[in-house]
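> I am attaching a structure below and will ask some questions about it afterwards.
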There are 2 protein chains.
Amino acid sequence: MRSEFELIDDFVRRFGRARGELLLGAGDDAALLRPGRGEELVLTVDALVEGVHFTRDFTPEEVGHKALAVNLSDLAAMGARPVAFLCALAFPPGWTPKLPGIARGMSKLARGCGVQLAGGNMTRARQLSITITAIGAVPRGQALQRDGARVGDLLVVSGELGGAAAGLGRSASPQVRRRQRRPTPRLGLGMAARGLAHAAIDISDGLAADLGHLLGASGVGAHLQPEQIPIAPGAALKDALTGGEDYELLLAVPPRKLPALARLAGCPLTQIGAVVRGRGISGLPGKLPRGFQHFR
Amino acid sequence: MRSEFELIDDFVRRFGRARGELLLGAGDDAALLRPGRGEELVLTVDALVEGVHFTRDFTPEEVGHKALAVNLSDLAAMGARPVAFLCALAFPPGWTPKLPGIARGMSKLARGCGVQLAGGNMTRARQLSITITAIGAVPRGQALQRDGARVGDLLVVSGELGGAAAGLGRSASPQVRRRQRRPTPRLGLGMAARGLAHAAIDISDGLAADLGHLLGASGVGAHLQPEQIPIAPGAALKDALTGGEDYELLLAVPPRKLPALARLAGCPLTQIGAVVRGRGISGLPGKLPRGFQHFR
């Protein structure tokens, strides 16, 4: 049986040597990062657990891709430039032959996004889990937060919603399944939204729940136009509102800034409503079920 | 049943509000950290898994303490000042009532070491695991690494070794068990060793394996004096060499710097050998078993 050290070496090798602001990558007790002048660091952690966040019919590449993508999506929601990440893997022996595939899916996305592996950990467990901590950078004071939405802001979303939920269906087409398995973090949009959007959040729990988080943090309400919500092919409004895992961005943008944002976004943006006085969400038909919860 | 959001709120509340260089803690998509002027950041991740790194008879406080301590130990080995950490928890429902105890053990150590919670994640799983990413800071160019040991350096260790292995025994006294369950990260020693030690590593896999890592990275060998190795009460030489989990520091120090280091260390230091030309470790009786491996 291969040792822990050999497995780690194999995994790490796929990500290349530390360069630029990452002075030292995996291999010592810790990694070393030299922050850019005038930049603040953005830190987030998210785990993918077998049977909870992905099923046995995900390919190892898809698992690796998704584990990193959901973390990069949090960086995007803060307007951050992705810098580095750390990856903790826990797995039963049966997953050992699939580690190269996981590394491949992860490293392909990492290269595409310019984010470096800064360290990792491997341990035995009864169930595969991948816990990733992502580190990004933003110019001082320019991070997007949830709590900045103001009355009069327009609510816009990137891409289409509900596709990830639809992609869980057994009869989903490969294109629809891709929305569940290969989410694309909206990093370009997040960076473009600095100085333009008042608030941002990524849609991981479903539009209704994540809009609720943004409104609650900002102390405002929203009026939605459900007919405007961009629904992914094969999905229903319910999928968009409560399905979760789309990893699109929801932004609160002052009307005069929207044209500039649309020009810089690099992806479709749709206005779905506006921020209003008060609390909660109006304009939706009926009572909403709660958004995606890992504990439900 | 309590929601994911309520459980997270409860956990996070024990750690207090973000302050100082941590501009924004848990609660948004990500945390925000303003690095100190002229400082580099040190990043490390380590996981504790139920049944692998701790047993059912650990108290929740001990689990929380150890999960953070093993990560702070990696910061200590780099000479870093601890700054912040992120905590990903995966657990079956049965652990839910024990989360406050885990948070208590973790927050007590965090406060004692001046390290803040910067974010977290909770998810369901079949087995408890706690994955912590720790972030520290060092003045530019002053991080301790594994690869700086030079021929003629003295090898010194902090505290006593083998206690963690001895603490696994069923008949271990409470004092001996404490070595296994409540390791003390040697943060003061790590910071004191900046500019004095040529190389450092924390002893997590056992003295033989970790010394091997340090020697391999530095391209040198070592002559050990086994009779000098400080053995913890209740432990044997074998525990010290291969038991692992002591979380003491092993340092390579030029002889003329040792008096200054001993003065600043804040803990006992023992010289156990010296760095020599060549490869491998001489002076030990017989052939060494391999150090602690999670995969063995």
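> Do me a favour and compute the ellipsoid semi-axes for the protein assembly as shown from its Cα gyration tensor, root of five times each eigenvalue, largest one first, whole Å.
Working: eigenvalues 400, 113, 92 Å².
Semi-axis lengths for the protein assembly as shown are 45, 24, 21 Å.
> OK, next. So how tilted is helix A:99-113 from the main axis of chain A? Cα-based, degrees 0 to 90, rounded to 10.
50 degrees
> Rounded, prolate or oblate, given the Cα gyration tensor of the range B:51-111, with a/c below 1.5 counting as rounded?
Prolate, since a/c reaches 1.5 and a/b exceeds b/c.
> Just counting partner chain Cβ atoms within 10 Å, what average do the residues of peptide A:34-41 show around their Cβ?
So the per-residue partner count for this stretch is 5.
> Could you state the orientation-averaged shadow area of the convex hull built on the Cα atoms of the range B:4-139, in nm² to one decimal?
Computed as one quarter of the Cα hull surface, the answer is 7.7 nm².
> To test your reading of the geometry: what angle, between 0 and 90 degrees and rounded to tens, separates the Cα axis of helix A:60-77 from the longest principal axis of chain A?
Approximately 50 degrees, to the nearest ten.
> Then there is this: Could you tell me the relative contact order of the range B:154-282? Use alpha-carbon pairs under 8 Å, at least six residues apart, and round to a whole percent. If you can, show how the numbers build up before the last one.
Working: 279 pairs, mean separation 59.9, N = 129.
46 percent.
> Work out from phi, with θ = phi - 60° and the Karplus expression 6.51 cos²θ - 1.76 cosθ + 1.60, the ³J(HN,Hα) of each residue of the range A:186-202, listed in order in whole Hz, and give x for Gly and Pro.
Per residue, the Karplus-derived 3J(HN,Hα) values read 8, 5, x, 4, x, 5, 5, 7, 4, x, 10, 7, 8, 7, 8, 8, 8 Hz.
> What is the local net charge at residue B:154, summed over the other residues whose Cβ is closer than 13 Å to its Cβ (Lys, Arg +1; Asp, Glu -1)?
+2
> Please give every one of the aspartates and glutamates within straight-line cross-link reach of residue A:108, meaning a C-alpha to C-alpha distance under 12 Å, and leave out same-chain neighbours fewer than 8 residues apart.
A:61, A:62
> Mind checking the log10 I(q)/I(0) for the range B:91-219 at q = 0.18 Å⁻¹? Debye, one equal scatterer per Cα, no solvent, two decimals.
Log10 of I(q)/I(0), two decimals: -1.24.
> Cross-link partners among aspartates and glutamates for residue B:238, C-alpha distance below 15 Å, same-chain residues fewer than 8 apart left out?
B:160, B:205, B:210, B:227, B:246
> Distances from residue A:223 to the same position in the other copies: list them in nm, one decimal, shortest first, using label points 7 Å from Cα along Cα→Cβ.
8.6
> Using DSSP to define loop residues, name the trypsin sites (Lys or Arg not before Pro) in the range B:8-109 whose beta-carbon has at most 13 other beta-carbon atoms within 10 Å.
Hits after loop and neighbour filter: B:17, B:19, B:37, B:56.
> Okay, helix-only estimate at 222 nm for chain B: each DSSP H run of n ≥ 4 adds -39500 (n - 2.57), divide by all residues, round to 500 deg cm²/dmol; what do you get?
-8000 deg cm²/dmol
> Next up: Can you give the angle from 0 to 90° between the axis of helix B:4-13 and the longest principal axis of chain B, with both taken from C-alpha atoms, to the nearest 10?
Taking the Cα atoms of chain B, the angle to B:4-13 is about 60 degrees.
> Related question: Please give the net charge around residue A:115, taking every other residue with its beta carbon less than 13 angstrom from that of residue A:115, where Lys and Arg add +1 and Asp and Glu add -1.
That works out to +2.
> Peptide A:20-28: average number of partner chain Cβ atoms within 10 Å per residue? Display every interim value, and only then the final one.
Values: counts 0, 2, 1, 5, 7, 1, 2, 5, 16.
For peptide A:20-28, the averaged partner shielding equals 4.
> Same structure again: Within 10 Å of each residue's Cβ, count the other Cβ atoms and sort A:213, A:223 from fewest upward.
Lowest to highest Cβ neighbour count: A:223, A:213.
> A follow-up question, please. Running Debye on chain A with equal point scatterers at the Cα sites and no solvent, what base-10 log of I(q)/I(0) appears at q = 0.08, 0.11 Å⁻¹?
Once normalised to I(0) and log-transformed, intensities are -0.35, -0.66.
> Out of the DSSP beta bridges found with both residues in chain B, what percent are antiparallel (nearest 5)?
75 percent
> In addition: Please express the shape of the range A:146-282 as an equivalent ellipsoid: the semi-axes are the square roots of 5 times the eigenvalues of the C-alpha gyration tensor, given largest first in whole angstrom.
24, 17, 12
> On average, how many beta carbons from a partner chain sit within 10 Å of the beta carbon of a residue in B:45-53?
Shielding by partners across B:45-53 averages 6.
> For the range B:204-285, rounded, prolate or oblate, judged on the Cα gyration tensor with a ≥ b ≥ c (square roots of eigenvalues), a/c < 1.5 rounded, else prolate if a/b > b/c?
Cα axes put the range B:204-285 in the oblate bin.
Here, each number is a calculation from the coordinates, and none is a lab measurement. Nothing here was measured: the structure is a model prediction, and the numbers come from that model. Please note: Cβ atoms are built from the backbone with ideal geometry, for glycine as well, and neighbour counts cover all protein chains shown.
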